[in-house]
Every structure is written in structure tokens, then in C-alpha cells.
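Step one of this worksheet: look at the structure below.
Every number here is computed from the coordinates shown, using simple stated rules; none is lab data. In this text the structure is predicted, and so the values were computed from the model without any measurement. So basically every Cβ, Gly included, is an ideal-geometry build from the backbone, and we count neighbours across all protein chains shown.
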Amino acid sequence: MKKIYKLLIAANLVVIMLLFSALSVMADWQPVNGVSGNTVKCITKTGTGDIFAGTFDGGVFSSGDNGKTWKARNNGIAIYPILSITSVGTKLYAGSSGSGLFKSDDYGVTWVAINNGLTNNSILSLYAVSETVVYAGTEGSGIFKTTDGGANWIPMNTGLSNLYIRSIIKKGSDFLWEPVMAFTVPPMVAKNWWLRGLAGNQVNALFVDGANLFAGTATNGIYWSSTSGASWVQKYCCGYDVRSFSSDGTAVYATTYGSGIVRTSDNGTTWNPVNNGVNNLYVETLYGYTTTSGNHYVIAGSHGGGIFITSDLGGKLEL
């Protein structure tokens, strides 16, 4: 009887340890080579499957193997801090701090400056509607738009209460950006904006996941809206400096500056830290996606610590 009792205790301990391990790990991250030591500010993915990262220290890097290895892609870009990057069709657009905008027509092999009409060369955010229609958010001069692939840019600031535009997204027929302002399309040449809540917050990031709209703030964590911003509910409080969002198709991830990465799989009701393997908790950006073979990847960029990746919520990565 005593032997059976001891066996039961041992079995229970094993189960408890396994449960604890599952709850505490959630996702395993691994650092990758080629971008080590860089501050990574933005990440995007092209239609060919290549990943591009904009860094504060070394310009643009690209990866053709789901983030495992990286190489510099700066032909035409003097090494300036790259703050924003987006991909659409065969085009890449990159926004810098001090040198304005760059465009690539050959998947990052070469870049050209496209600054005609810009009055501010610090580009915090980008959103591409098509290969020719792109919005650029600046650091202090509001929003600029091009309809000819970057050949010309025009300001679109009537009604904006804050000209520091850190994030631009589209939800349904609405465009939204930080501060949470919006306009509805059509018309595409809209010039008037209106406030969509969260007044008084510095909103660093906006993200759309189905019917859900998430906003990450500098001091008050994460807010959630199911009404395109007409009303908001605070979901992750408080004191967290949330920098970006993304999804790998199974869950939504958010980065924080100082507390690493958090994840939700219940529309933002609960957020759990997923930092196993992340040795730099000052995480600036991330990008999640599902491959054609059905694997789920998330690539995260940190402040001074390069890039970390995870696959299938902690599945083994062959680096």
C-alpha cells in the first residue's frame, strides 16, 4: 500500500511539473544571427515570403528563410535609422529618421529616395493601400499621401489634433491612426479627420484582428474596441509601454518596452507573458504570419538585442 501511495504521489508531482512548465513557457524564442546587437524598429513580409527588418543601427536587413539568417539590404540607403517599413505587391517602402522615404522595385536589392512634397523627413509609420497609394505618418508634420507610387506626396492634416503619427491602419472602410483619429473612404482623397477616443493617451500602435481593434499606449497598457474605436475597454493595465501588435493566425501578440512580449487567444480578455528565451525585454516590434505549409511564425525585434523568433508557439526551430 505504501508503495502504491508513493507511486501516486510521484505521478501527481510529474503532472504538476508538466502543467507548470506549460503555463510558464507558452512560447520558446530563439535569437538569430545577422542582426545581433541592432535595435529593430519595424518588420514586414513580401509576397515572395522574404522578411524585411528596419533597424536603428544598420539600415534594412532581409531574410529568405523565415528569419533564421539575415543580410543587409542597403544599396541606395545611406545607413540612417529605419523607423517604418511596408510591402505591397512588388514594392517596398521604408521610412527613415532624417532622410525621408525610400522605395524598392526589386524586393530590396536597390532603393531610391522618394521625398518630393515631404516637409518632414522623419517617417514614423507607413500604410500601403496598393503599389501606388501609400500613407506616411511623420514625426511632427502629420500625414502625407501618394497616389503615384511615391513620385509626389501631399499633406492630409485638416482636423488632426496631433501631428506625431506613430501608427496607421485600415479597418473596413475606415482609416485610423495615432492619435486615434479616423476618416471613412470613399472618398480616397479625404481631408477631414475626427477623434475616435483615447484622448490624453499616447497611442503607440493600432492593430486589427477580425472584428477586434487593439490600441497600445505608452503608459496605460492595451485598449480593445469592437466598434471601430467608437468605444474602448482597457484590457491590459497598467504602466505598460506597448509598442506593437501582430498575429500568427492563432493568437495576438503585443510587445512592451521593458516587460517583453504578451499574448492573447481570447480577444484580449487575458494577456499572458511569453518571454522564455527572450533575453532583452525591451521589445520594439514583431510580425506574425502563417506559411503555406501551415506553420505559424512570430518574429520579434528588440532594442539593442536583435531579433528573436518562435514557431508554432514554441515548436523546435532548426536554426
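Among the chymotrypsin sites (Phe, Trp or Tyr not before Pro) found in segment 43-82, not one is both in a DSSP coil and sparsely packed, with 15 or fewer other Cβ atoms within 10 Å of its Cβ. Ordering 33-41, 287-295 by mean Cβ neighbour count within 10 Å, with the highest value first, yields 33-41, 287-295. If the segment from Ala230 to Val112 were pulled out straight at 0.36 nm per residue, it would be longer than the present Cα-Cα gap by 38.5 nm.
Can you tell me which of 157-166, 102-111 comes out highest on packing, and rank the rest after it, using the mean Cβ neighbours within 10 Å?
Order by mean packing, descending: 102-111, 157-166.
Per-residue 3J(HN,Hα) values for segment 148-164, derived from phi via the Karplus relation 6.51 cos²θ - 1.76 cosθ + 1.60 with θ = phi - 60°, read 10, x, x, 5, 9, 10, 10, x, 9, 10, 4, x, 6, 8, 9, 9, 9 Hz in sequence order (x marks Gly and Pro).
Projected label points at Gln202 and Thr147, each 7 Å from Cα along the beta carbon direction, are separated by 3.5 nanometres. In segment 51-185, if the dipole is taken from +1 on Lys/Arg beta carbons and -1 on Asp/Glu beta carbons about the Cα centre, which of Ser63, Pro155, Ile168 is farthest to the positive end? After comparing all options, I get Ser63.
Across segment 28-311, the mean sequence separation of Cα contacts (distance under 8 Å, 6 or more residues apart), normalised by length, yields a relative contact order of 14 percent. Checking every one of the trypsin sites (Lys or Arg not before Pro) in segment 199-289 against DSSP loop status and a limit of 12 other Cβ atoms within 10 Å picks out no site at all. For segment 28-311, the average shadow cast by the Cα convex hull is 12.9 nm², which is a quarter of the hull's surface.
Here's how it looks for Asn152: its modeled amide H is under 5 Å from those of Thr147, which are all 5 or more places away or on a different chain. Normalised by the number of residues in segment 112-174, the mean separation of alpha-carbon contacts (under 8 Å, six or more apart) gives a relative contact order of 32 percent.
For Thr119 and Asn267 in the same chain, what is the full-extension length gain: residue separation times 0.36 nm, less their Cα-Cα distance, in nm?
Gain on extension, Thr119 to Asn267, equals 49.4 nm.
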